[in-house]
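*Asks:* To start, I am sharing the structure in question, which I have written as structure tokens.
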Amino acid sequence: MTPVLIVLNAGSSSLKFQVYDMLDGAEPQLVWKGLYEGLGDTAHFIVKDADGTILEEKTWVGGNQTGHEEALMHLVSWLSQFREERKPVAIGHRVVHGGETFSAPVLVDESVVQRLELLVPLAPLHQPHNLEPIRIVRRRLPGMPQVACFDTAFHQTQSDIATLFALPREMRESGVRRYGFHGLSYDYISSVLKDYEPRLAEGRVIVAHLGNGASLCALKDGVSVATTMGFSALDGLPMGTRCGAIDAGVVFYMLREMKLSPDEAEGVLYKRSGLLGVSGLSNDMRVLRGHAATNADAKRAIDMFVYRITREIGSLVAALGGIDGLVFTAGIGENDVATRAEVMAGLAWTGLTLDDAINRTGGPCISSGDGPMAWVIPTNEELVIARQTRSVLGGMQAKLAS
Ligand code: AMP
């Protein structure tokens, strides 16, 4: 019987899962991956094997009773058909915010859940959804070990100065500081750099995680020294629907002059801004690219996205004192040939030179010449959660044995 880990990534109406074989000493091996979406409404379930072959699909029509709890119990029951071969031994969760309390993955118990709940105000649109399956598992599968893995933890290596806001000292002491996110993705990229180009693993590398959420991370010798996201997942680059960095004065203007409530203002900045807000059309880069030739607003949104990425990379080059490598990852970074080409064109001053033909085929190395190198590397946040979960469990077993 093979022990397996379940990796969960919960959103407001979705639950993504992956199941990994946990063989002694080997890297966790993906067996199944799937998704529940439309939870609370017309829920849909799909599960595939590691090669992407669809194994099963199901839709619950008009069933507003299919929420996260029903989805999770459905997953447990789906897995039980393989009980002779595979046994779930732990669940690893993606948790957006670990605050100052959690600088590494942690085995969940009641006190951890309570401390994670205290962090909800720091990530009000993400953290509650991440915590829900943790609570459900504690209630419905008591005794199942759970590990929380944080998007913030990878950035703990940053200097005090890099994490400071220029705010009164007591605010820093109460936790108002730059944390940074997408850490599970940066952790993965950092872990595989040596397989792509050993020199980069020890160099000055900027990773561009460009998906529906987007940020940049400056790596020196594989660890984070600066990143574009700050206190919340709203800062830095413009994203699919989030505004990225804006003058804080805009928020006061929205509240005082436009008479928006804090919740309404938050909704504008998180859900109606970014590529969607500027284009008035879509948050999806594929749609915007499809319309850019004929729709000036779609083109403007893309131009703004590329401009801001290029400018922020310039800022991280300064933080690193130079650049040896640039890595593109996540949905847009891995797939959008034009975004990569436009960003690289704006960075010609660093010596980065695009190999246009290789960029069109997806790389992985898309630069030419003797200057800094540019790579396309698919990210794998779930594998990092599986690795971290296993490492916490290993520590727990060692403790029990001693
Ligand atoms: P993610 O959040 O990492 O799943 O990335 C989602 C973003 O990736 C969306 O803006 C998609 O439009 C974009 N994306 C996915 N596939 C492609 C593609 N083939 N070409 C351009 N953009 C893509």
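Every number in this text was worked out from the coordinates using simple rules, so none of it is lab data. On a predicted model such as this, the values are computed, not experimentally measured, just so you know. Positions of Cβ are generated from backbone atoms using ideal geometry, with glycine treated the same way; all protein chains shown enter the neighbour counts.
*Asks:* Skipping prolines and chain starts, which residues have an amide H placed within reach, meaning under 5 Å, of the one on Val31, given they are 5 or more residues away or on another chain?
*Replies:* It is Val19, Tyr20, Asp21, by chain and number.
*Asks:* Here is a follow-up. Using only Cα atoms, tell me the angle between helix 337-346 and the longest principal axis of the chain; keep it within 0 to 90° and round to the nearest 10.
*Replies:* It works out to around 40 degrees.
*Asks:* On to the next question. When you count, for each residue, the other Cβ atoms within 10 Å and take the mean per peptide, how do 152-163, 122-133 rank with the highest first?
*Replies:* Details: 152-163: 17.9, 122-133: 19.8.
Packing order, densest peptide first, comes out as 122-133, 152-163.
*Asks:* Further question on the same structure: Where nothing but the Cβ of Lys and Arg (+1) and of Asp and Glu (-1) is charged, how large is the charge dipole of the chain around its Cα centre, in debye to the nearest 20? Please list the in-between numbers first.
*Replies:* Numbers: 37 positive and 46 negative charges, 89 e Å.
My answer is approximately 420 debye.
*Asks:* Work out from phi, with θ = phi - 60° and the Karplus expression 6.51 cos²θ - 1.76 cosθ + 1.60, the ³J(HN,Hα) of each residue of the stretch 271-276, listed in order in whole Hz, and give x for Gly and Pro.
*Replies:* 10, 10, 10, x, 4, 5
*Asks:* Further, regarding this structure: With a ≥ b ≥ c the root eigenvalues of the C-alpha gyration tensor of the stretch 8-61, is it rounded (a/c under 1.5), prolate (a/b larger than b/c) or oblate? Could you put the intermediate results ahead of the total?
*Replies:* On the way: a/c = 4.37, a/b = 1.93, b/c = 2.26.
Because a/c hits 1.5 or more and a/b fails to exceed b/c, the stretch 8-61 counts as oblate.
*Asks:* Can you list residues whose amide H is under 5 Å from Gly11's amide H, if they're 5+ apart or on another chain and H is modeled 1.01 Å from N?
*Replies:* Under 5 Å from the amide H of Gly11: Lys16.
*Asks:* With the calculation restricted to Cα positions, what are the radius of gyration and Dmax of the stretch 270-402 in angstrom?
*Replies:* In order Rg, Dmax, the Cα atoms of the stretch 270-402 give 19.1, 68 Å.
*Asks:* Measure nothing fancy, just the Cα-based angle from helix 127-140's long axis to the longest principal axis of the chain, in degrees from 0 to 90, nearest 10.
*Replies:* The answer is roughly 10 degrees.
*Asks:* Continuing with this model, one more query. Within the chain, what percent of beta bridges assigned by DSSP are antiparallel, to the nearest 5? Don't skip to the end; give the middle numbers.
*Replies:* On the way: 41 of 62 bridges.
Of the beta bridges lying entirely in the chain, close to 65 percent run antiparallel.
*Asks:* Could you tell me the largest-minus-smallest coordinate of the C-alpha atoms of the chain on each of the three principal axes, in descending order and whole angstroms?
*Replies:* Reported extents, whole Å, longest axis first: 58, 54, 49.
*Asks:* Any number yet on Rg/Rh for the stretch 347-396, C-alpha, Kirkwood? Walk me through the numbers before you get to the answer.
*Replies:* Numbers: Rg = 17.3 Å, Rh = 13.3 Å.
Result for the stretch 347-396 is an Rg/Rh of 1.31.
*Asks:* Also, I was wondering about something else. In Å and from the alpha-carbon atoms only, list the Rg and Dmax of the stretch 25-145.
*Replies:* Final numbers for Rg and Dmax: 15.9, 45 Å.
*Asks:* Okay, moving on. Pairs of alpha-carbon atoms within less than 8 angstrom and 6+ residues apart define the contacts here; what relative contact order does the stretch 238-313 have, in percent?
*Replies:* Details: 84 pairs, mean separation 23.4, N = 76.
Relative CO of the stretch 238-313 lands at 31 percent.
*Asks:* Normalise the Debye intensity by I(0) for the stretch 183-227, one equal point scatterer per Cα, no solvent, then take log10 at q = 0.32 Å⁻¹ and round to two decimals.
*Replies:* Rounded to two decimals, the profile gives -1.21.
*Asks:* For the chain, what is the calculated [θ] at 222 nm in deg cm²/dmol (nearest 500), taking -39500 (n - 2.57) for each run of four or more DSSP H residues and dividing by its residue count? Kindly include the intermediate steps, with their values, before the conclusion.
*Replies:* Working: 16 runs with 162 residues, N = 402.
Calculated at 222 nm, the ellipticity per residue is -12000 deg cm²/dmol.
*Asks:* Here's another thing I want to ask about it. Hey, can you grab everything whose amide H is under 5 Å from the amide H of Ser367? Only 5+ residues off in sequence or another chain; H modelled, so Pro and N-termini drop out.
*Replies:* Result for Ser367 returns Asp355, Ala374.
*Asks:* If you fit an axis through the alpha-carbon atoms of helix 68-80 and take the longest principal axis of the Cα set of the chain, what angle between them do you get, 0 to 90°, nearest 10?
*Replies:* On a 0 to 90 degree scale, this one is about 60.
*Asks:* Say the cut-off is 24 Å between C-alpha atoms; which of Lys220/Lys271; Lys33/Lys58; Lys87/Lys194; Lys16/Lys58; Lys271/Lys299 go over it? Present the calculation step by step, with values, prior to reporting the outcome.
*Replies:* On the way: Lys220/Lys271 33 Å; Lys33/Lys58 15 Å; Lys87/Lys194 33 Å; Lys16/Lys58 15 Å; Lys271/Lys299 20 Å.
Lys220/Lys271; Lys87/Lys194, as the Cα separations exceed 24 Å there.
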